[in-house]
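Scroll down for the structure; my scribbles are underneath it.
The values are calculated or read from the model by the stated rules, or taken from the named source; none is laboratory data. Since the structure is predicted, the reported quantities are computational estimates derived from the model, not experimental observations. Cβ atoms come from the backbone with ideal geometry, glycine included; neighbour counts cover every protein chain shown.
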Amino acid sequence: MAHGPAHGLSRWLYTTNHKDIGSMYLWFSFAMFFLGGIFALIIRAELFEPGLQIVEPNFFNQMTTMHGLVMVFGAVMPAFVGLANWMVPMMIGAPDMALPRMNNLSFWILPFAFALLASTLFMQGGAPNFGWTFYAPLSTTYAPPSVTFFIFAVHIMGASSIMGAINIIATILNMRAPGMTLMKMPLFVWTWLITAYLLIAVMPVLAGVVTMMLMDIHFGTSFFNAAGGGDPVLFQHIFWFFGHPEVYIMILPAFGVVSAIIPTFARKPLFGYSSMVYATASIAILSFMVWAHHMFTVGMPFIGEWVFMIATMAIAVPTGVKVFNWVTTMYKGSMTFETPMLFSIAFVILFTIGGFSGLMLAIAPADFQYHDTYFVVAHFHYVLVPGAIFSITAAVYYWLPKWCGRMYDETLGKTHFWLAFIGLNLTFFPMHFSGLAGMPRRIPDYNPLFANWNMMSSIGSFLFGAAQVLFLYIVIRAIVSGRKATDRVWEGSHGLEWTVPSPAPYHTFTTPPKVD
Amino acid sequence: MAHHHDASTYYVPEQSKLPLITAFAMFLTVFGLGTWFNGVDSGPFLFAAGFMIMAGVMFAWFSQVIHENRAGLNNAQLKRSYVWGMGWFIFSEVMFFAAFFGALFYIRSISLPALGSGNNSELLWGGFQNDWPLMTTPDMAVKGGEAVHVGPEGNMSNPGIAGWLGWLPFWNTTVLLISSFTVHFAHTALKKDNKKLFNIWLGITVALGIGFLFLQAEEYIHAYQDLGLTLSSGIYGATFFMLTGFHGAHVTMGTFMLLVMLLRSTLKGHFNHHDCFGFEAASWYWHFVDVVWLGLFIFVYIMS
């Protein structure tokens, strides 16, 4: 076990080391973030002005579809799995992940899956063009032939997610150092435990629904075809039974990240630790009971609308508990505002805005007005960009010194933050207004009435994109020539990961530490 | 690294080529299927190549895990990781079936009643009547002989308890239920280190598994040839074949797993009362497959 990493490419291809695999996940997700970002900028470039300027409508649809798929499955999810790989074993005092070879398999499926997905852009008929939610019959009867490859890519990336989640659960339940009781675990570990449970519960449902699509397309079944007795609405139900827990899969680990960072820079312990754990579990349980709030306009019975509306609004309670806990942690703290803290504070404020627009959308009668407008786009980008993406960014700044033993440049980091912060708000805040004014989502051309809002959004999006290029530069510069980091890195940091040297040795905790 | 490892610490395996090859095999398998379904000539060959690499790499991977365990590298903690792994894998399988059961319930209790009543039925679907099993599809109600989505001529519905002895699903249920007991008896025998009895009960379980698959093949041939009941005969055929078909695929997997355990026991002398998780994992899987069948028997066969 004393061995260091192998030399050359084989280190990465054949590794069983959680830190190597974590790094590969993070770099892969960074690459997908840029790919999905390029798709987004094509969308925003087309929408800069009314009229059709740059791309054909069909290609525009391919861009909205691929942007969503790549960002959800390629950027956000793998980034969090990468963070889990790096941090969970170090936080609980484990020598590695529970099943190290399967861990590497979970990663290596992803480059193949996304090569398959991206290759559909070059296929006859083009890439999937039916939106990332791939509603039938758009994704079955009217889909391009490449839909088959999309389905299989989803199958294998689902297998990757399930194996990754099983590994994380086995690690957390079985690999904790003596004395590391469940209620002593850092909140990041807790949120990942619950996220992994959600993944194992819903990724197979996604596999089931794409299998039904495959059968409808190629083998004559009629799951989603009323002529044979099936129902396109059935697709929406099964998809959102996966899809709603899926959005919490993308945000619960973010809660864990922010709950690690805010206490460090407020120099106070996290306020209400146990209520954070119970709130996370409540959100996860509720996430299985709210899926049809995505389908209020589909023609559900009144009682269905009512039940899903109430259940959805109930989620605001545990979420509110979390927000108040973060704010209370900062209250009367000795705060400093290093880059990870800036991203975390922005997370709390902007995620709350996304939560409020979520509450508006949860009101079924009002949702009939908002449904499929840019208001929805504004809402879910406010929870995903300053939610998931900002927390991942904060996590990278926070733990990068532990990973590579070197500090990033604080001035550049803060510059990145302000550019991203302004860019994101300029991009997505106007969408609330264009949406409320009635601009539908997923269209390449629009009424000139919405021109000003769209121009602002497009300018903001390119600013946000440029900020991410700066981020890449900052990370590389830190790795190559950053100033040496101390073991504690941050004055207010607590937890096992800060007790090992920076950079963390290739193998940590081969004999478990004692936790009091 | 393995040679100076002692069981007091958790065994973290050395570098391995197996995961990368597995990922490649998965890719080749699905890429082959995708090209095949889109009518590319080389598709079946790519699929077959992917599948064979997959089989080979799984064999190598499981061999290595067994070898490590027999070499004493796996401490009690690592064995618990495998236990957790198998348990959560079975939970993921439960959720996979949940999607198909959910589809069946939704179709029967919401979609079809909606299609068969009010304006849907009168204005859109030619007076379509909802019944289950669905023999006359909405398409047939509208277009009659011109319909594309044609229902079956016969179905697998419950003939009433008096007719069960001549009803194949009843015998399938019997076979599978008995096999759940025999695999349990095998486990009990193993816990007493009675390997001979273990092999006999396990052998009987494998035989019952194969028997089930024969009966199901019989049922499918009957459905396709005599009843005109196919994957494409409306939503009844779709739900019937997808649920029983995925279950059958899982029985095939489970039988194969138990067969491997039988061969390990008889040919290699593996397993004793305190070191038998390979067998236990396979038996859990078998019980899971059995429970799914009970769900199928109730919701697909009896309640129709």
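In this structure, is B:LEU28 modelled with pLDDT of 95 or more, crowded, with 19+ Cβ neighbours inside 10 Å and in the same structural domain as B:GLY127 (by TED's automatic domain parsing)? It is false that B:LEU28 is modelled with pLDDT of 95 or more, crowded, with 19+ Cβ neighbours inside 10 Å and in the same structural domain as B:GLY127 (by TED's automatic domain parsing).
The condition (being more than 7 Å from chain B (Cβ to nearest Cβ) and part of a helix (DSSP H, G or I)) is satisfied by just one residue among A:LEU193, A:LEU173: A:LEU193. Can we say A:LEU214 is surrounded by fewer than 24 Cβ atoms within 10 Å (Cβ to Cβ) and either part of a helix (DSSP H, G or I) or touching a strand residue (DSSP E or B) at 6+ places or on another chain (Cβ under 7 Å) (or both)? Yes; evaluated as a whole, the condition is true for this residue. Using the structure shown, decide if A:THR427 is among the polar types (S, T, N, Q), more than 30 Å from A:HIS507 (Cα to Cα) and in contact with a His (Cβ under 9 Å, 6 or more places away or on another chain). Spelling it out, A:THR427 is indeed among the polar types (S, T, N, Q), more than 30 Å from A:HIS507 (Cα to Cα) and in contact with a His (Cβ under 9 Å, 6 or more places away or on another chain).
B:GLY85 meets the stated requirement of being in a helix (DSSP H, G or I), under 19 Å from A:ALA94 (Cβ atoms), modelled with pLDDT of 95 or more and at the interface with chain A (Cβ under 9 Å from one of its Cβ atoms). Of the residues making up region A:453-487, those that are touching a helix residue (DSSP H, G or I) at 6+ places or on another chain (Cβ under 8 Å) and outside any loop (DSSP other than H, G, I, E, B) number 24.
Any residue at all in region A:5-19 that is away from chain B (no Cβ under 14 Å), in contact with a helix residue (DSSP H, G or I) (Cβ under 6 Å, 6 or more places away or on another chain), surrounded by fewer than 17 Cβ atoms within 10 Å (Cβ to Cβ) and not in a helix (DSSP H, G or I)? No, because not a single residue in region A:5-19 is away from chain B (no Cβ under 14 Å), in contact with a helix residue (DSSP H, G or I) (Cβ under 6 Å, 6 or more places away or on another chain), surrounded by fewer than 17 Cβ atoms within 10 Å (Cβ to Cβ) and not in a helix (DSSP H, G or I). Please tell me if A:PHE368 is of a type outside the set (Asp, Glu), touching a residue at least 12 places away in the same chain (Cβ under 8 Å) and in a helix (DSSP H, G or I). For A:PHE368, the condition - of a type outside the set (Asp, Glu), touching a residue at least 12 places away in the same chain (Cβ under 8 Å) and in a helix (DSSP H, G or I) - is met. Being of a type in the set (Val, Ile, Thr) and outside any helix (DSSP H, G or I) holds for only one residue in A:THR352, A:THR393, A:THR336, A:THR328, and it is A:THR336. Is it the case that some residue within region A:109-120 is part of a loop (DSSP other than H, G, I, E, B) and either farther than 30 Å from A:VAL189 by Cα or facing chain B (nearest Cβ under 9 Å) (or both)? No, region A:109-120 has no match at all. What's the total number of residues in region A:55-93 that are closer than 23 Å to A:THR171 by Cβ and over 18 Å from the mean Cα position of the chain (by Cα)? Qualifying residue count for the region: 5. Taking every residue in region A:129-152 that is at negative phi and within 12 Å of chain B (Cβ to nearest Cβ) and pairing it with any residue that is of a type in the set (Gly, Ala, Ser) and surrounded by fewer than 16 Cβ atoms within 10 Å (Cβ to Cβ), at least 6 positions away or on another chain, the pairs with Cβ-Cβ distances below 8 Å are A:PRO144/A:GLY125; A:PRO145/A:GLY125; A:SER146/A:GLY125; A:PHE149/A:SER119. Exactly one residue among B:ALA186, B:ALA282, B:ALA238, B:ALA223 is crowded, with 21+ Cβ neighbours inside 10 Å and without any contact (Cβ under 8 Å) to a residue 12 or more places away in the chain, and that residue is B:ALA238.
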